[in-house]
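To keep things clear, I will list the structure first and then write my remarks on it.
The values are calculated or read from the model by the stated rules, or taken from the named source; none is laboratory data. In this text, all values refer to a predicted model and were calculated from it rather than measured experimentally. When we count neighbours, we look across all protein chains shown, and the Cβ atoms used for this are built from the backbone with ideal geometry, even at glycine.
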Amino acid sequence: MRSSRIRLIEIIVAVAVTIISVASLFVAVFQGVVMQRQLEASVLPIPTIAHGNYDSEEQVHRLSYYIGNRGLGPVDIRWLHFIHEGVTYPGPIPYFVSLVEGYDDDPEGREEAFQQIFEDNQVLTNPVAPQLLAPDDEAGFIHFTRPAEGTPDRAYWERLNAARWESEVQVCYCSVFDQCWIGRFPQNQRDRVRSCELNR
């Protein structure tokens with residue numbers, strides 16, 4: 001009888017130890033998940049897209065586009081697309097080229113005209129992606145001073161100036177933990193994705 005009672009106590013103790021061990025494991029795993037999420041949130045990148053048509057410092061009409069990072073951690077820009085009138089352009093330059101008029105059946109002629117416009121007006125352009133931006137950092141990827149009135153280049157500048165309000169910009173970017181999103185501007189929306197394709 002005494003032996004049975006001791007065995008029962010041993011079983012109860014063993015079950016209690018098992019329950020405590022499982023509970024401790026659950027707490028440890030849960031704490032690990034919470035800490036990981038806190039760490040991810042502490043380096044969350046938040047890219048921004050801004051554009052304007054006036055340089056207040058130099059007091060000249062200058063069309064500019066900027067990409068920035070208002071997040072807590074660095075943002076890894078993988079690609080940037082422009083969407084205008086239902087057409088997606090893989091990067092700023094194809095989008096800018098598309099706004100050159102009069103070459104619907106001559107893509108090469110349109111490309112040459114675009115290059116001539118940018119050369120004649122000393123338009124400054126910089127690559128957008130791939131690019132790594134630190135928190136509170138900002139990079140301009142086009143600076144185009146308004147040409148003289150009545151010139152073909154001025155007409156192109158005006159089209160580009162008007163189109164920036166009618167276009168959507170999509171940016172695929174990742175955090176230092178390789179978490180990736182697609183951001184949409186000017187909607188300021190973002191959707192989580194598995195990865196970004198550099199050559200998309």
If the Cβ limit is 9 Å and pairs must be 6+ apart or interchain, which residue in segment 60-87 that is closer than 21 Å to V123 by Cα pairs with which residue that is surrounded by 15 or more Cβ atoms within 10 Å (Cβ to Cβ) and basic (K, R)? V60/R146; H61/R146; R62/R146; L63/R146; L63/R164; Y65/R164
Restricting attention to segment 171-200, which residues are buried (at least 18 other Cβ atoms within 10 Å of the Cβ) and of a type in the set (S, T, N, Q)? S175
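Return yes when D106 is assigned by TED's automatic domain parsing to the domain that holds Q179, more than 30 Å from Q179 (Cα to Cα) and in contact with a Pro (Cβ under 9 Å, 6 or more places away or on another chain) and no when it is not. Give the steps one after another, and end with the answer.
On the way: assigned by TED's automatic domain parsing to the domain that holds Q179: yes; more than 30 Å from Q179 (Cα to Cα): yes; in contact with a Pro (Cβ under 9 Å, 6 or more places away or on another chain): no.
Considered against the rule, which asks whether it is assigned by TED's automatic domain parsing to the domain that holds Q179, more than 30 Å from Q179 (Cα to Cα) and in contact with a Pro (Cβ under 9 Å, 6 or more places away or on another chain), D106 comes out as no.
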So, F82, is that one surrounded by 13 or more Cβ atoms within 10 Å (Cβ to Cβ), touching a strand residue (DSSP E or B) at 6+ places or on another chain (Cβ under 6 Å) and not in a loop (DSSP other than H, G, I, E, B) or not? yes
In segment 170-200, residues that are hydrophobic (A, V, I, L, M, F, W, C) and in a strand (DSSP E or B) total 8
